[in-house]
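A short write-up of the structure that comes next.
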Amino acid sequence: MRPGDHRAVAFSDEAELEPVLAPYVSEGLAGGDRVLYLTDVTHPAVATGLLRGWGVDTGCHVAARRLDVRHIEVYDADRMLGDLAEAARLARADGYRALRVTTEMSWGLREGADRLADFESRVHGLFSEGTALGLCQYDRRLFPPVVLADLYRIHQEPDSDLEFDGALLRIRRTVEPAGIRVEGDVEASTLEPLTRSLRAAASRGRGDVHVDLGGVSFIDLSGLRALLETAGSLGSRRSLVLERVPDHVRQLILLIGWDGTPGLRLGGSDRR
């Protein structure tokens, strides 16, 4: 991430948060940023301990005032925006490249979805000035999926969810549900980007991986095998869930008998 970026991470437990938050904080401390970690439901000492457990050298950076982990004290959008703008100004005045912010967004539940969305839109404008960058933390256990999806869209730049865009195939990352959306033809020339995207989707979290096949016009046996191999790699507690499966693809899976593959689940059909 660079100054001006405003992103979000949705997680269900600390194990899902670590692969995103730990590098985000570490890269800021190793680079030229001042890091501000705003907590809500988590005590700052606990958040600092988590970062330390994830390999972040919190002690020296806190002492040097390069890392500031603190609890949100004022839940007023105007005040929070003003405080962030001032913190970004001070960071630049102290010689830092930018202010790198991460915030627990559970406080927004007390404000309501509309007011939270308004805040996110306004803070997006603040980050776009290039003196700060932000990573908003959304706990899936607290936010309804529909609300979470709407909030996620505020953070994304156009096509920032696009993982691959070729002449025959397009793959997009999805948030709710977590996984990928596949559109076009899956065959020998497009197998590698599909395999890469499946591997990335499996590594992003600890829950099921959803693959939306509603836009697939053709898929050969090598593409189906890539899906099955991904399902087999997830372990006994996770599944690869195929969503909006076109009838011709579903019939092929049933004909071969691959619908009984461990770790593979067939969701709804997308009739065409």
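The values are calculated or read from the model by the stated rules, or taken from the named source; none is laboratory data. No experiment lies behind these values; they were computed from the predicted model shown. Positions of Cβ are backbone-derived with ideal geometry, glycine not excepted, and every protein chain shown enters the neighbour counts. We work out accessible area using only protein heavy atoms, side chains counted, and drop any ligands, DNA or RNA first. Shrake-Rupley method; radii C 1.70, N 1.55, O 1.52, S 1.80 Å.
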Taking only pairs six or more apart or across chains, which ones have beta-carbon atoms under 7 Å, a first residue in the stretch 106-121 that is under 22 Å from S12 (Cβ atoms) and in contact (Cβ under 8 Å) with a residue 24 or more places away in the chain, and a second residue that is open to solvent by 50 Å² or more (accessible area, probe 1.4 Å) and outside any helix (DSSP H, G or I)? S106/V41; S106/L142; W107/Y75; L109/L142; R110/Y75
Taking the stretch 194-206 and keeping only residues that are surrounded by 17 or more Cβ atoms within 10 Å (Cβ to Cβ), out of contact with any Gly (no Cβ under 7 Å at 6 or more places or on another chain) and at pLDDT 90 or above, one is left with T195, S197, L198, A202
First in the stretch 66-86 and more than 13 Å from L38 (Cβ to Cβ), second anywhere and in a strand (DSSP E or B), Cβ under 9 Å, 6 or more apart: R66/D33; R66/R34; R66/V35; A85/A132
Condition first: farther than 26 Å from D33 by Cα and either in contact with a Lys or Arg (Cβ under 9 Å, 6 or more places away or on another chain) or of a type in the set (A, V, I, L, M) (or both). Now tell me which residues in the stretch 109-150 satisfy that. L109, A113, L116, A117, L142, V146, V147, L148, A149
Name every residue in the stretch 216-264 that is open to solvent by 30 Å² or more (accessible area, probe 1.4 Å) and touching a residue at least 40 places away in the same chain (Cβ under 8 Å), in order of residue number. E243
Being under 18 Å from T58 (Cβ atoms) and in contact (Cβ under 8 Å) with a residue 40 or more places away in the chain is the filter here, so list the residues in the stretch 1-18 that pass it. L17
When R140 is run through (1) in contact (Cβ under 8 Å) with a residue 40 or more places away in the chain; (2) open to solvent by 10 Å² or more (accessible area, probe 1.4 Å); (3) under 20 Å from L266 (Cβ atoms), the failure sits at (3)
If we only count helices (runs of 4 or more DSSP H) wholly inside the stretch 1-103, which ones have 1 or more residues that are among the aromatic types (F, W, Y) and either farther than 16 Å from T131 by Cβ or open to solvent by 20 Å² or more (accessible area, probe 1.4 Å) (or both)? 14-30
Within the stretch 127-137, the residues that are open to solvent by less than 30 Å² (accessible area, probe 1.4 Å) and either under 14 Å from the mean Cα position of the chain (by Cα) or modelled with pLDDT under 85 (or both) are G134, L135, C136, Q137
Checking R173 against (1) touching a residue at least 12 places away in the same chain (Cβ under 8 Å); (2) open to solvent by less than 50 Å² (accessible area, probe 1.4 Å): exactly one of these is not met. Which one? (2)
Is the stretch 111-119 home to any residue that is closer than 19 Å to L135 by Cβ and surrounded by fewer than 17 Cβ atoms within 10 Å (Cβ to Cβ)? no
Does the stretch 226-242 contain at least one residue that is farther than 26 Å from S12 by Cα and at pLDDT 90 or above? yes
